[in-house]
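**Student:** Sending over a structure as structure tokens; questions will come in a sec.
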Ligand code: SIN
């Protein structure tokens, strides 16, 4: 096995160690994988300065050169797919087959933005008189800083760093303290691919608050990008305000998944299994509130129960595993509390809530969930299916939209007019129609309302790292 295991921050193309260390734990065994160094203030400033130095060089490079470097990074990531996937399963817990899928998904962003680097077109604007020529063109914003979450340790990094580099920006990344090892491996491979020294720096720390404050207050950092909870996103937005940074925020969701009575129920249940149980339910696009039309409720619950009870929970490194451990003990405790609250308020549990030990949570269905229950309003981030019955389309649309979030929504219907009506009425940034898995590097990912600002992936993802300059010339 090739060695992509590192334990120090990566600054200006070199590993940077500090006195203080923290443990990265395997969520499956709750044992330490390794101790990694915890960055100090000095290290954060060094990384920002290194990124600034790299930006001066990067902005003078041409798009084709950057595209070629990104394509080499993509190839290296794909060459090391198995090692990266095993590393991901160790530090994050997801089943190896899902981790292999995530490496490909994450590499897909690098390839997509290698291609898009060459397409950051400007405009020629028809002049309003004979004496002027008006144009606009795009330039990189500058140094970018970002914080990424633990649920997708590779894809959430490449989805930000690849478009930034394609645009000509340098990057300072603070990955989750739970999953820093994949981020370090990615930075090492980017360096091997030809990234300029300082173009991609990775800071390891348990103290996200300290690192977040230093990154957001820096005048040199011109753009801040975050994927994580809405609460932390609001805090970071406030911290970015004094220096008027550009921001992209991929925040929380509370995805409705609607099954209308005319749907193909087998397909709907299969789609729901994907939308709910991917990464054990630990995604912000996970189906969170499952609305089922009353006349098909029993059929849906029966079909679902058969599939859910067949799911195998275990260590992600075992081939048979469908659902790995939750990320840490507090995550499991939160799921258990939500289940207990729902049951106390009348929800009926299908499946055994057997105590599996460690961070393992048995998958469950809760039937009869209502808006009085906490689970209706909060992201479960675990393998629990909350079923809510409804009667009419206008009723379910009102319920689906009546939350502060607007990331992903899904519905199953075979009525074409209903498909248009519902997809237009859902107040969400992304809608899956007869499909439970919608994420794709070529498409814009992002939310409305308190689910965030900006889009990642798609051609839109590059613009997040570019400024448009208007040029007016008198002739
Ligand atoms: C997320 O859960 O934050 C991202 C999920 C995805 O990219 O599909």
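Quick note: the coordinates plus some simple rules give every number you see, no bench work behind them. Note that the structure is a prediction, hence the values are computed from the model and not measured. When we count neighbours, we look across all protein chains shown, and the Cβ atoms used for this are built from the backbone with ideal geometry, even at glycine.
**Student:** Along its three principal axes, how long is the stretch 368-457 when you only count alpha carbons? Whole Å, largest extent first please.
**Tutor:** Rounded to whole Å, the extents work out to 37, 32, 23 Å.
**Student:** Ratio of the stretch 17-161's C-alpha Rg to 2.2 N^0.38 Å, to two decimals?
**Tutor:** Rounded to two decimals, the normalised Rg is 1.39.
**Student:** Also, quick follow-up: What 222 nm value per residue comes from the helices of the chain, counting each DSSP H run with n ≥ 4 as -39,500 (n - 2.57) and dividing by all residues, nearest 500 deg cm²/dmol?
**Tutor:** Working: 15 runs with 185 residues, N = 475.
Mean residue ellipticity, 222 nm, calculated: -12000 deg cm²/dmol.
**Student:** Also: Angle, helix 81-92 long axis vs. longest principal axis of the chain, Cα atoms, 0 to 90°, nearest 10?
**Tutor:** Helix 81-92 sits roughly 60 degrees off the main axis of the chain.
**Student:** Here's something else I'd like to know. Which angle between 0 and 90 degrees, to the nearest 10, do you get for helix 208-217 versus the longest principal axis of the chain when only C-alpha atoms count?
**Tutor:** On a 0 to 90 degree scale, this one is about 40.
**Student:** Just want the ordering: 136, 32, from fewest to most Cβ atoms lying within 10 Å of their own Cβ. Present the calculation step by step, with values, prior to reporting the outcome.
**Tutor:** On the way: 136 14, 32 11.
Taking fewest neighbouring Cβ atoms as first place, the list is 32, 136.
**Student:** So what's the gap between the Cα centers of the stretch 296-312 and the stretch 57-114, to the nearest angstrom?
**Tutor:** If we compute the Cα centre of each part, the gap is 36 Å.
**Student:** Relative to the first principal axis of the alpha-carbon coordinates of the chain, what is the inclination of helix 265-277, with its axis defined by its Cα atoms, in degrees from 0 to 90 and to the nearest 10?
**Tutor:** It is inclined by approximately 50 degrees.
**Student:** Could I ask something else about it? Kindly provide log₁₀ I(q)/I(0) values, in the same order as q = 0.07, 0.10, 0.13, 0.14 Å⁻¹, from the Debye equation applied to equal alpha-carbon scatterers of the chain.
**Tutor:** Scattering profile of the chain, log10 relative to I(0): -0.37, -0.75, -1.19, -1.33.
**Student:** How large is the Rg to Rh ratio of the stretch 101-200 when both quantities use alpha carbon positions and Rh follows Kirkwood? Write down the numbers at each step before the final one.
**Tutor:** Details: Rg = 17.2 Å, Rh = 15.1 Å.
My calculation puts Rg/Rh at 1.14.
**Student:** Please report the equivalent ellipsoid semi-axes of the stretch 180-310, computed as sqrt(5 x eigenvalue) of the Cα gyration tensor, largest first, in whole Å. Write out the running numbers ahead of the final one.
**Tutor:** Details: eigenvalues 347, 76, 29 Å².
The answer is 42, 19, 12 Å, longest axis first.
**Student:** In addition: Using a simple spin-label model with points 7 Å from Cα along the Cα→Cβ vector, what separation in nm is obtained for residue 418 and residue 15?
**Tutor:** 5.8
**Student:** If you take every DSSP beta bridge fully contained in the chain, what fraction is antiparallel? Give it as a percent rounded to 5. Walk me through the numbers on the way to the answer.
**Tutor:** Numbers: 30 of 69 bridges.
Taking every DSSP beta bridge within the chain, about 45 percent pair in antiparallel fashion.
**Student:** Okay, next question. At what distance in angstrom do the alpha carbon centres of the stretch 217-255 and the stretch 367-432 lie from each other?
**Tutor:** 27
**Student:** Work out how far the C-alpha atoms of the stretch 128-167 reach from end to end along every principal axis, then list the three figures in whole Å, largest first.
**Tutor:** Dimensions of the stretch 128-167 along the principal axes of its Cα atoms: 56, 16, 14 Å.
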